[in-house]
Amino acid sequence: MKPTQDIVAELSWRGLIHQMTDPEELPRLLREQSVTLYAGFDPTADSLHVGHLVALMTLRRFQQAGHRPVVLVGGATGMIGDPSGKSQERNLLSREQLRHNVEAIREQLARFVDFDCGPLSAVLVNNYDWMKDFTYLDFLRDVGKFFPVNVMLAKESVKARLESEAGISYTEFSYMLLQAYDFVHLYDEHGCLLQIGGSDQWGNITAGIDLARRMRSVQLYGLTCPLLTKADGTKMGKTEQGALWLSPQRTSPYRFYQYWINVDDADAGRCLRFFSQLPREEIEALDRSREQEPQKRASQKQLAEELTRLVHGPEGLQRAQRATEIFFGREIDQVSQEELEEIFADVPHAQLPRQLLEEGLPVVDALVRSGLCRSKSEARRLLAQGGAYVNNRRVAEAEALLTPEHLVTSSSLVLRAGRKKYAVLQFE
RNA sequence: GGGGGGUUUCCCGAGCGGUCAAAGGGGCCAGACUGUAAAUCUGGUGGCUUAUGCCUUCGCAGGUUCGAAUCCUGCACCCCCCA
């Protein structure tokens, strides 16, 4: 079977190739035949995050180009902890936790690759399945024997930790053996020839290639994607609340959407190339749009729309856009309780007795009780500086009172502090 | 073991015994400008019934004094020099 597209050329103009083994042979192979390839994801949390998105999208592109992806969930490797790119030894997760995480991640993966499309259907595997019965002695004899420690010590992931205060445990040191063996196993079981991953995975990937050569006398390949960093050098996908997660429970579709809407111009081009499905001409048209009419923010809108739809589905996107309209729109008038609940779903809510409102609740108190201000002094300051809003209408008088007239539904009203911080007050 | 220096509000850092809730910078918050951007500018940045008022805060515990972050004593931790 032939691939439908030159994947290397595609990845290349998008800037998605950091390194590959055998740059002569691999592109030719990928042009000539449909290849089975894999990428692994360790279940360190019950959701993937934006950091995983580069590899995920690349896997997706491979499938669309006519190759077959194997997605590996690291039930076994997750028990050990990958030292790559980590400056500290990490705590081990419990088996319970891992099982839960594996299940959760499994569902998310289905959004990116197609598990039901004939011969190119993606395959989902868990390395716990083949590692769990591998005894320590067998592993040392069959796999460990092929790993010269001096080579292992030279790997960047290990070297960095050896030189640091934190050091590295034998457990994490052994991580690369497991990942290397995964590659060999997937070659045996699925004819997997290529492993892809982030640039920090290079050492682990080449370890697998070496192992396959020694154990099976076969030539496997590796390809890594660059790490997604911002123009200022910091990591993409970090928010004040921590990582930007793919799970709607951890990061609401609204916040996910907003993250991309707010991407810096300097980063938008790279993001589009990395994450968008748009063809080259359209992305270049967006580049021009950013130059000539930046205020339209066409790139950010495209990015936010496409990614939110992919990760949260069309309904998720719609909710995020509707919320955006309200959040950045004019005054909030009458809305139904359901609508308000939906739009402000991930905004903090506070419940107060209705009587307070009947008696007239000072805005200062409301700001504190909603959690938007930490003290009355802070609330007064906010009021004085013009940063306090009730139902998106600025309130500046320090003594202003909230009354039932301020309700936008039968029992709720919306407070805002500054540009973007909201809270819903419910009176019962 | 001997000698010296330090510990200040989120961080760095200044601080005459009263006029110190404590300079300045950073960060953070708000506002203006704008494109829900960046840069810039302005204001704010312990709490309280907003008050020429009260309370809490300057490593910890005591003391001197009308009055202490500022002086004294002890304790803890950190740094430097000599042995």
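Here are a few things to note about the model shown:
- Test: residue in region A:329-338 that is more than 15 Å from RNA strand B (Cβ to nearest atom) and either open to solvent by less than 20 Å² (accessible area, probe 1.4 Å) or among the aromatic types (Phe, Trp, Tyr) (or both): yes
- Matching residues in region A:347-376 - criterion: being open to solvent by 50 Å² or more (accessible area, probe 1.4 Å) and more than 10 Å from RNA strand B (Cβ to nearest atom): A:Pro348, A:His349, A:Gln351, A:Pro353, A:Arg354, A:Gln355, A:Glu358, A:Glu359, A:Arg369, A:Gly371
- Here the condition is being at pLDDT 90 or above and farther than 27 Å from A:Gly51 by Cβ; of A:Arg111, A:Arg106, A:Arg141, it holds for A:Arg141 alone.
- Looking only at region A:377-422, and only at residues there that are assigned to a loop (DSSP other than H, G, I, E, B) and of a type in the set (A, V, I, L, M), the one that is surrounded by the fewest Cβ atoms within 10 Å (Cβ to Cβ): A:Ala396
- Hits in region A:291-312 - residues which are more than 10 Å from RNA strand B (Cβ to nearest atom) and touching a residue at least 12 places away in the same chain (Cβ under 8 Å): A:Gln302, A:Leu303, A:Glu305, A:Glu306, A:Leu307, A:Thr308, A:Leu310, A:Val311, A:His312
- Checking each residue in region A:242-268 for being within 12 Å of RNA strand B (Cβ to nearest atom) and not charged (D, E, K, R) picks out A:Tyr254, A:Tyr257, A:Gln258, A:Tyr259, A:Trp260, A:Ile261, A:Asn262, A:Val263, A:Ala266, A:Ala268.
- Residues that are assigned to a loop (DSSP other than H, G, I, E, B) and farther than 20 Å from A:Leu11 by Cα within region A:263-292 comprise A:Val263, A:Asp264, listed in sequence order.
- Pairs with Cβ under 8 Å, 6+ apart, first in region A:365-390 and polar (S, T, N, Q), second within 8 Å of RNA strand B (Cβ to nearest atom): A:Ser375/A:Val368
- Of all residues making up region A:216-238, the number that are modelled with pLDDT of 95 or more, of a type outside the set (S, T, N, Q) and over 23 Å from A:Leu48 (Cα atoms): 4
- Residues that are more than 10 Å from A:Ala417 (Cα to Cα) and near RNA strand B (Cβ under 6 Å from one of its atoms) within region A:377-386 comprise A:Ser377, A:Glu378, A:Arg380, A:Arg381, A:Gln385, listed in sequence order.
- Selection within region A:36-61 - surrounded by 19 or more Cβ atoms within 10 Å (Cβ to Cβ), of a type in the set (A, V, I, L, M, F, W, C) and under 19 Å from the mean Cα position of the chain (by Cα): A:Ala39, A:Phe41, A:Leu48, A:Val50, A:Leu53, A:Val54, A:Ala55, A:Leu56, A:Met57, A:Leu59
The values are calculated or read from the model by the stated rules, or taken from the named source; none is laboratory data. Predicted, not measured: the structure shown is a model, and the values here were computed from it. Every residue, glycine among them, receives a Cβ derived from its backbone with ideal geometry; neighbour counts consider all protein chains shown. To get the accessible areas, we keep the full protein, side chains included, count just its heavy atoms, and leave off ligands, DNA and RNA. Shrake-Rupley method; radii C 1.70, N 1.55, O 1.52, S 1.80 Å.
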